[in-house]
Amino acid sequence: MGLLFATLGSLGDVKPMVAIAAFARDAGHHVRFATSPGHRRLVEEAGLRYEAFGSDAFFESRDVRDAMVAPRTGFGVFMWHANLVALEELHGRLTEISEGADMLVATPLVMAAHLVAKQRKLLFVSCVFSPAMVLREASAGAVDPYQDEWRRRLNALRQEAGLPRRSFPQMERFSADLTLGVYPPCLRPASGHYISAPLEIGYPRLQMPLAPLDRGLATWMAKGDFALVSFGSFVDRDAENCFASAVEACQRVGLRCLYVSKHSANNLALATGGDVRVERFVEHSQVMPSAAAIVHHGGTGTLVESIHALRPIVVTPFGLDQTYNASRVQEHDLGEVLNASLIDPNTLAGALSSAISAWPRREALALSAIVCDQPEETAVREIEQILNAHRN
C-alpha cells in the first residue's frame, strides 16, 4: 500500500516519523517522506524517497527562534512560520505528492494534512510527540495571534474543496482515523481531557549507522568528566547568557562543559578553552552516555535520548511542549527542572549538583521509564489494521 509521511519542525519531530516510515517500507509498503529541505539528508540516509515540502529557513532568524519559545504565543508563531505563511502553497504541494497514496501519516504540525486527506479520500493517521499536542489543559492560557487569519484562509480552502465552513477550522487537523501517541510512557498525563485521545505506542529511536565520532571531540571527551549542555536543534534564546552560565555552573560542580548550539556555535567558540568545547551539532546517542550530567530543553526526542543514556538530567524548558514534558520529568522524579528564564550560574550549578547527588536514587526510575517494546512495529501494525479494514 502507498503511505505518504509528512512532518515539519525540528529533528525531534522528524526522527520518530522516519523510524516508523522505514519499518513500514521494510514491511513491504510503498513509502514516501515529505519534509523540509533541512532534513532531506536524514530521510535519504534512511533509504526513504524524499519529497520536498515546506521550508525551515525561518529557523535561521534569531528573532523568530526567540518568539517561538514565548510562553503564551510561541506555538502560534511557530505555526505561522511553518504553515500559515505559505498555507495555500503547502496545501497544493501536499495535494500533488499525495497522488497515488492510500494513506497520509502526518502530525498536527502540518495544518494542510487533514484537508488533503479529505479531498483525496485518504486514510489519515496523526502522530503526536507529546501529550501537550492534544491535551486541552496543556494549551490553557495560550494565545494564537493569527487565529482570525487561520479561520479565513482555511475556510477558503475548505470551500474550494467542497467542505463545510467551520468556526475553528484549525481544530479539524485533529480529525484523524487514528491518533498515535509517539512519546514515552513517562509523559503520559496523570489526568486531563484530550482533543483527540491517542493510542500510546512509545517513542521510536531511529537506528541508523553513524559516522565515527569526530576525533577531536572524542579526544576532548576522554580527558575528564564533562556535562553536555544542549538546547535542541532550534532553541537558541539568550545564547550568550546560557553559555556563560553553563560554563561557570560546570566549573562550580567540577565538570568541564560541552555546549551544543546550532545557531551560535561560531560566536560562542571564541570564548572556549581547554575545559570548554562548543559544537554546532552532536549525535546525542554517541555523546550522552559518556557525560557526567546532561542539561537540555526538554524536547521529546532529546528527553528520550537523555533517559536512555542513564545519566543525571537537568531539564530547562523554554516553551512549546517542553514545559509540559518538564512537569512529567518532575512528577516521575527523573531529573531536576529549572525554567530557562531562571538560568544563571547559581541556579544551574545548584540544579546540576542536585541531579548528580540524586542519581543513585533515580537510576532505577530511569531504567523503568525507557521500557517500550518496538514502538515503530506497533505503529505499523495499527496502520495496517486500518488499511486492511477499509480494503475489506
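The values are calculated or read from the model by the stated rules, or taken from the named source; none is laboratory data. Note that the structure is a prediction, hence the values are computed from the model and not measured. As a convention, Cβ positions derive from the backbone with ideal geometry for all residues, glycine included, and neighbour counts pool all protein chains shown.
Data table
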| read-out | value |
| --- | --- |
| Residues that are under 15 Å from the mean Cα position of the chain (by Cα) and either outside any loop (DSSP other than H, G, I, E, B) or over 15 Å from A197 (Cα atoms) (or both), drawn from the stretch 126-155 | S126, C127, V128, P131, A132, M133 |
| Filtered residues of the stretch 56-109 (kept if part of a loop (DSSP other than H, G, I, E, B), over 23 Å from V125 (Cα atoms) and not β-branched (V, I, T)) | D56, S61, A70, P71, R72 |
| Hey, V278 under 30 Å from G192 (Cβ atoms), out of contact with any Cys (no Cβ under 8 Å at 6 or more places or on another chain), buried (at least 19 other Cβ atoms within 10 Å of the Cβ) and among the hydrophobic types (A, V, I, L, M, F, W, C) or not | no |
| Residue within the stretch 132-153 that is at positive phi, surrounded by fewer than 17 Cβ atoms within 10 Å (Cβ to Cβ) and modelled with pLDDT of 90 or more present | no |
| Flag for N392 being surrounded by fewer than 23 Cβ atoms within 10 Å (Cβ to Cβ), at pLDDT below 95, within 30 Å of D177 (Cα to Cα) and polar (S, T, N, Q) | yes |
| Residues located in the stretch 265-324, provided they are of a type in the set (D, E) and more than 27 Å from L42 (Cα to Cα) | D275 |
| Test: residue in the stretch 341-361 that is closer than 26 Å to C242 by Cα, at pLDDT below 95 and within 21 Å of the chain's Cα centre (by Cα) | yes |
| Any chance S130 is farther than 19 Å from D321 by Cβ and assigned by TED's automatic domain parsing to the domain that holds P108 | no |
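Residue by residue, here is whether (1) outside the structural domain of L187 (by TED's automatic domain parsing); (2) farther than 27 Å from Q207 by Cα; (3) out of contact with any Asp or Glu (no Cβ under 8 Å at 6 or more places or on another chain); (4) part of a loop (DSSP other than H, G, I, E, B) holds:
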residue: Q251; (1), (2), (3), (4): yes, yes, no, no
residue: K262; (1), (2), (3), (4): yes, no, no, yes
residue: P289; (1), (2), (3), (4): yes, no, yes, no
residue: I294; (1), (2), (3), (4): yes, no, yes, no
residue: F318; (1), (2), (3), (4): yes, yes, yes, yes
residue: Y324; (1), (2), (3), (4): yes, no, yes, no
residue: D333; (1), (2), (3), (4): yes, yes, yes, yes
